[in-house]
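Undergrad: Questions regarding the structure given below will be posed in turn.
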Amino acid sequence: MGKRYYITTPIYYVNALPHIGTTLTTLASDITARFQRMRGKTPHFLTGTDEHATKVAEAAAAAGKTPIAFTDEIADQFKAIWRGMNIQYDDFIRTTEERHRAVVQEVFRRLREKGHIYLDKYEGWWDVTTETFYKESELVEGKSPDGNEVRWVEEENYFFRLSAFQNQLLEHIEAHPDFILPEVRRNEVIAFIKQGLRDTCVTRKNTGWGIPVPDDDSKVVYVWFDALINYISAIGWPEGNWEEFWPADVEWMGKDILVRFHATLWPAILLGLELPLPKTLYGHGWLLMGGEKISKSKGNVIAPLDLASQYANSMGGCKDLAVDAVRYYCARMMPYETDTTFTLEDFELRYNTELVNDLSNGIHRVVSMLGSFCDRRIPDGEVIESVKSAAESLVSAIAEDLERFRIDKAMDGVLRLGTVLNETIDREKPWDLRKNGDARLADVMITLAWLVRVLEGVLRPITPVFADDIASLLRLAATESWEGIGHGIAPGHEVSAAKPIYLRIEKQQSETQVKEKTEPVVNEITIEDFMKVQLRVARVLDAHRVEGADKLLKLDLIVGDERRQVLAGIAQQYAPEDIIGKQVVVVANLKPRRLRGLESQGMILAADASDGGAILVVPDREAPEGTSVH
Ligand code: MSP
């Protein structure tokens with residue numbers, strides 16, 4: 001087998017479970033792996049847990065457990081949460097595993113033999129929260145530069161000759177512009193190294209938790225030295241086929257652990273071992289809440305699966321789709337150079353405006369129209385060239401962005417594809433083409449179906465369940481390769497009946513569901529009376545608000561072969577985007593009347609909600625437009 005595309009996440013401390021901040025990094029790796037697989041590479045995606053930290057032993061003691069019993073439980077929960085988030089890692093390493101311990105000791109032994117590790121006396125300040133050593137001069141008002149408590153430590157310890165690698169490191173960074181990304185982080189690293197690298201203490205007194213130093217078990221290996229080695233211990237270095245994996249193609253992490261650890265200590269260890277350096281170290285920004293980094297120590301944690309469960313019902317009831325909504329949001333918010341802020345309001349807003357309106361509804365409109373205008377079959381037309389080339393260049397740009405780890409920009413591209421889809425519908429007005437018997441309808445509808453197929457392909461690395469649902473609406477297999485994006489839309493191919501994938505989150509949903517007292521039935525009528533009312537199934541092709549009337553929506557309906565304009569007093573419960581594509585029931589023989597200067601050619605049925613609003617009556621399953629209702 002050729003070289004694998006090797007992707008890593010940091011290994012997470014097990015004193016806390018994943019939150020949406022840590023999810024960001026793991027998701028970035030998952031998207032990279034899924035994308036690279038579509039590009040024809042064989043990815044190898046590693047994640048895991050960092051278990052030897054002092055604070056882990058302290059958290060275990062607080063929970064009344066032995067450290068290993070504690071970490072076993074948490075590591076299992078990590079795996080379950082990542083599975084729940086549809087993270088497809090290939091390997092999960094725990095630093096308490098024997099395969100890791102053996103390699104850490106081997107690295108230590110080799111570096112000591114080469115003189116890169118030596119024994120000396122350590123005196124200084126120790127930050128337990130971040131497991132970092134500081135000199136007196138580095139403290140800020142008696143605390144670490146991050147504001148954490150520090151403890152004074154005086155021990156005989158082993159030191160790693162980090163200073164000896166300073167020039168070699170700088171040369172490497174300067175010769176390899178993609179080694180540290182983004183550029184602002186690279187500049188920070190260069191500035192940090194230029195200040196002068198100090199030899200760093202790589203052991204601690206053995207208090208029973210950690211990997212013992214070879215031939216000196218009064219000490220354990222420093223947790224960062226131990227943890228960084230996971231990237232090579234997991235691939236079995238120095239035995240077996242580790243060269244199929246190494247060097248890593250990308251090591252994803254947050255900016256907090258780049259400068260002091262991944263971009264200095266880690267490459268220096270590798271240089272000491274005479275191993276090649278990772279191709280890219282990528283340090284993304286943080287996700288903030290209330291102006292602070294989301295983290296257990298700040299107490300502002302939101303768990304990704306809780307977020308999905310909280311919204312699953314209002315999004316349509318499918319937990320896996322709700323997970324994709326969280327994946328969508330995290331990918332969309334992927335902080336590049338600066339940090340981004342998470343709020344529930346923003347989560348709901350982006351969900352409603354982007355995932356529902358721009359993407360899911362756009363797709364729904366197309367599949368509905370394929371049903372109404374084309375008997376659910378892809379018509380024999382030609383994909384419109386200008387739309388095709390616009391979409392194809394967006395697809396290439398998305399690929400370039402993902403190759404450069406710019407998930408944020410790739411997400412812009414995905415949304416722009418959604419805009420191309422919606423703009424094409426609005427510009428071409430397939431309902432008019434159909435009404436006028438215009439042959440161009442075939443070209444427009446095959447173009448729209450092709451755009452939906454393209455969206456399915458580009459969304460696949462980001463929201464795989466949403467992509468699966470789109471593929472099943474099109475009755476096509478999943479797009480497996482990036483080159484295959486857009487393939488499979490052939491004239492005559494039959495698609496499924498339309499069904500929206502994501503539903504809008506309605507803030508007042510729980511309130512409108514409150515049960516109302518039913519009114520007593522009065523004034524009996526005969527069946528003949530009732531039969532005078534012609535009720536028909538109709539589809540909403542378009543909907544707009546009516547200026548100056550905050551309750552009214554102007555609906556464009558298709559009823560059989562006929563188009564109708566109907567004004568409905570539902571604007572406070574339904575946004576135009578919610579209702580476009582839906583089937584409704586219309587009173588078709590109601591005398592037209594004028595409202596706000598506009599003609600209303602019928603009335604749609606809705607139940608009265610307790611708050612005076614309306615709840616639309618919709619057919620339980622799709623029926624051809626124009627079907628009678630009794
Ligand atoms: N165990 C070390 C890493 C060792 S890697 C050899 C560690 N663990 S951690 O659990 O504290 O955090 C790991 C990573 O989680 C951070 O680098 C970052 O990638 C990610 N994040 C944690 N909180 C985050 C945010 N609020 N926002 C973005 N990323 C976040 O450090």
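Undergrad: Determine the per residue accessible area of the range 288-430 with all protein chains present and a 1.4 angstrom probe, expressed in square angstrom.
TA: 39
Undergrad: Tell me which lysines have Cα within less than 21 Å of residue 293's Cα, excluding those fewer than 8 residues away on the same chain?
TA: List returned: 55, 143, 255.
Undergrad: If you line up the long axis of helix 98-113 against the longest principal axis of the chain, both from Cα atoms, how many degrees apart are they, to the nearest 10?
TA: It is inclined by approximately 40 degrees.
Undergrad: For the range 260-356, which GluC sites (Glu not before Pro) are both in a DSSP coil and crowded by at most 12 other Cβ atoms within 10 Å?
TA: 274
Undergrad: Right, next: Taking every pair of Cα atoms in the range 90-245, average 1/r, invert it to obtain the Kirkwood radius, and report Rg/Rh to two decimals.
TA: Dividing the radius of gyration by the Kirkwood radius yields 0.98.
Undergrad: Kirkwood Rh, Cα Rg: Rg to Rh for the range 422-495? Don't jump to the answer; show the numbers that get you there.
TA: Working: Rg = 13.4 Å, Rh = 13.1 Å.
Rounded to two decimals, Rg over Rh is 1.03.
Undergrad: In the range 329-436, what percent of the accessible surface is made up of carbon and sulfur (1.4 Å probe, ligands and nucleic acids excluded)? If you can, show how the numbers build up before the last one.
TA: On the way: 1900 of 4270 Å².
Of the solvent-accessible surface of the range 329-436, carbon and sulfur hold 44 percent.
Undergrad: Once the convex hull of the C-alpha atoms of the chain is built, how many Å³ does it hold per residue, rounded to a whole number? Walk me through the intermediate numbers first.
TA: Values: hull volume 116.7 nm³, N = 630.
Measuring per residue, one finds 185 Å³ for the Cα hull of the chain.
Undergrad: Quantify, in whole percent, the carbon and sulfur part of the accessible surface of the range 574-615 (1.4 Å probe; protein heavy atoms only).
TA: Values: 1110 of 2100 Å².
Carbon and sulfur together cover 53 percent of it.
Undergrad: Still on this model: Quick check for you: with a 1.4 Å probe and neighbouring chains kept, what is the accessible area per residue of the range 54-109, in Å²?
TA: Numbers: 2440 Å² over 56 residues.
Roughly 44 Å² per residue, with all protein chains present.
Undergrad: Let me ask something else. For helix 67-84, report the angle its Cα long axis makes with the longest principal axis of the Cα atoms of the chain; keep it between 0 and 90° and round to the nearest 10°.
TA: 30
Undergrad: Within the set of other residues whose C-beta is less than 15 Å from the C-beta of residue 179, count the net charge using Lys and Arg as +1 and Asp and Glu as -1.
TA: With Lys, Arg at +1 and Asp, Glu at -1, the neighbours total -3.
Undergrad: Quick one: angle between helix 304-315 and the longest Cα principal axis of the chain, in degrees between 0 and 90, rounded to 10, please.
TA: Roughly 0 degrees between the two axes.
Undergrad: Still on this model: Can you check what the net charge comes to around residue 593, using other residues whose Cβ is under 15 Å from the Cβ of residue 593 (Lys, Arg +1; Asp, Glu -1)? Intermediate results must be reported in sequence, preceding the final value.
TA: On the way: positive: 554, 564, 591, 594, 596; negative: 599.
Taking every other residue near residue 593 into account, the sum is +4.
The values are calculated or read from the model by the stated rules, or taken from the named source; none is laboratory data. Bear in mind the structure is a predicted one, so any value in this text is a computation, not a measurement. FYI the Cβ positions are ideal-geometry reconstructions off the backbone, even for glycines, and counts take in every protein chain you see. To get the accessible areas, we keep the full protein, side chains included, count just its heavy atoms, and leave off ligands, DNA and RNA. Shrake-Rupley method; radii C 1.70, N 1.55, O 1.52, S 1.80 Å.
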